[in-house]
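Here is the structure we will look at, set down as structure tokens.
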Amino acid sequence: DTGVSQDPRHKITKRGQNVTFRCDPISEHNRLYWYRQTLGQGPEFLTYFQNEAQLEKSRLLSDRFSAERPKGSFSTLEIQRTEQGDSAMYLCASSKKAGTSGRYEQYFGPGTRLTVT
Amino acid sequence: KNQVEQSPQSLIILEGKNCTLQCNYTVSPFSNLRWYKQDTGRGPVSLTIMTFSENTKSNGRYTATLDADTKQSSLHITASQLSDSASYICVVSPNAGNMLTFGGGTRLMVKP
């Protein structure tokens with residue numbers, strides 16, 4: 001396993017269309033995170049899963065956004081009725097509990113760059 | 001509101017020179033602070049992670065320092081290389097690792 005993978009790497013869509021991104025985490029990582037990053041800014045947390053359960057969602061995650069992790073492995077992030085403001089890099093990360101420290105080190109995928117025209 | 005502020009926003013240095021990037025945070029409670037390197041168009045890659053009890057941590061030519069009292073951290077890059085050109089992001093976590101708060105990053109360019 002070489003790391004977190006995301007598909008597609010780039011997506012161009014017209015305003016109003018729906019898009020879906022996929023994230024495959026590192027094997028055995030039980031936690032999976034989605035972030036959004038706009039140009040020149042740091043990533044912003046969107047949501048995270050522990051196994052198949054979605055445990056936390058940011059206020060950034062509007063009703064047009066939905067994320068799933070049906071079998072506790074890969075995850076999908078869908079954006080409905082895309083708007084130009086949705087143009088950003090969508091990053092996925094995964095982690096597992098690190099021994100006695102209790103710390104979860106997050107490993108990031110390469111991201112999906114979305115452009116809404 | 002928990003915030004992480006980084007300075008400078010961008011920096012240009014000559015190959016072989018040293019540089020120091022700064023990070024101030026207001027995140028509370030505080031669990032750990034991380035520095036990530038992000039190449040253009042790629043996901044962030046972890047460089048160092050420190051808890052409040054650690055003052056310094058090194059990873060090759062990268063040395064991070066942390067002052068939990070003043071809520072400041074720095075990342076020092078020694079003998080810079082062209083491949084160091086990237087964004088360096090300071091990330092603070094109030095717990096064991098979920099709700100990360102990211103700084104805006106410092107964009108470093110190393111010129112020959």
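The residue that is surrounded by the fewest Cβ atoms within 10 Å (Cβ to Cβ), counting only those in the range A:28-68 that are touching a residue at least 24 places away in the same chain (Cβ under 8 Å) and farther than 20 Å from A:Lys11 by Cβ, is A:Glu28.
Scan the range B:38-64 for residues that are more than 11 Å from every other protein chain (Cβ to nearest Cβ), within 20 Å of B:Lys111 (Cα to Cα) and in contact (Cβ under 8 Å) with a residue 24 or more places away in the chain and the total you get is 1.
Of the residues making up the range B:1-18, just one is charged (D, E, K, R) and under 14 Å from the mean Cα position of the chain (by Cα), namely B:Glu5. Taking the range B:25-112 and the strands (runs of 3 or more DSSP E) fully enclosed by it, the elements with 2 or more residues that are β-branched (Val, Ile, Thr) are at B:45-51, B:62-67, B:86-93, B:106-111. Here the condition is being in a strand (DSSP E or B), surrounded by fewer than 21 Cβ atoms within 10 Å (Cβ to Cβ) and touching a His at 6+ places or on another chain (Cβ under 7 Å); of A:Arg113, A:Arg22, it holds for A:Arg113 alone.
Yes/no per residue for (1) among the β-branched types (Val, Ile, Thr); (2) within 11 Å of the chain's Cα centre (by Cα):
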residue: B:Thr20; (1), (2): yes, yes
residue: B:Asn32; (1), (2): no, no
residue: B:Trp35; (1), (2): no, yes
residue: B:Thr51; (1), (2): yes, no
residue: B:Asn55; (1), (2): no, no
residue: B:Asp69; (1), (2): no, no
residue: B:Gly103; (1), (2): no, yes
residue: B:Pro112; (1), (2): no, no
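Only a single item in (1) surrounded by 15 or more Cβ atoms within 10 Å (Cβ to Cβ); (2) more than 14 Å from every other protein chain (Cβ to nearest Cβ); (3) over 19 Å from B:Gln9 (Cβ atoms) is not met by B:Ser73, and it is number (3). Taken together, the criteria exclude A:Leu77 from residues that are outside any loop (DSSP other than H, G, I, E, B) and within 23 Å of B:Ser31 (Cα to Cα). Note on the range B:3-42: residues that are surrounded by fewer than 17 Cβ atoms within 10 Å (Cβ to Cβ), of a type in the set (S, T, N, Q) and under 30 Å from A:Ser5 (Cα atoms) total 4.
Give the residues of the range B:76-94 that are of a type outside the set (S, T, N, Q) and either exposed (fewer than 15 other Cβ atoms within 10 Å of the Cβ) or more than 9 Å from B:Leu33 (Cβ to Cβ) (or both), sorted by residue number. Within the range B:76-94, B:His76, B:Ile77, B:Ala79, B:Leu82, B:Asp84, B:Ala86, B:Tyr88, B:Ile89, B:Pro94 qualify.
Scan the range B:76-101 for residues that are within 11 Å of the chain's Cα centre (by Cα) and within 14 Å of another protein chain (Cβ to nearest Cβ) and report the count.
Of the residues in the range B:76-101, the ones within 11 Å of the chain's Cα centre (by Cα) are B:76-77, B:87-92.
Of the ones still in play, those that are also within 14 Å of another protein chain (Cβ to nearest Cβ) are B:87-92.
Matching residues across the range B:76-101 total 6.
Of the residues A:Gln84, A:Gln80, A:Gln106, the single one that is within 14 Å of chain B (Cβ to nearest Cβ) and among the polar types (S, T, N, Q) is A:Gln106.
Just so you know, all these numbers are worked out from the coordinates, no wet-lab data involved. Predicted model, so just to flag it, every value in this text is computed and none were measured. Note that each Cβ is placed from the backbone with ideal geometry, even for glycine, and that neighbours are counted across all protein chains shown.
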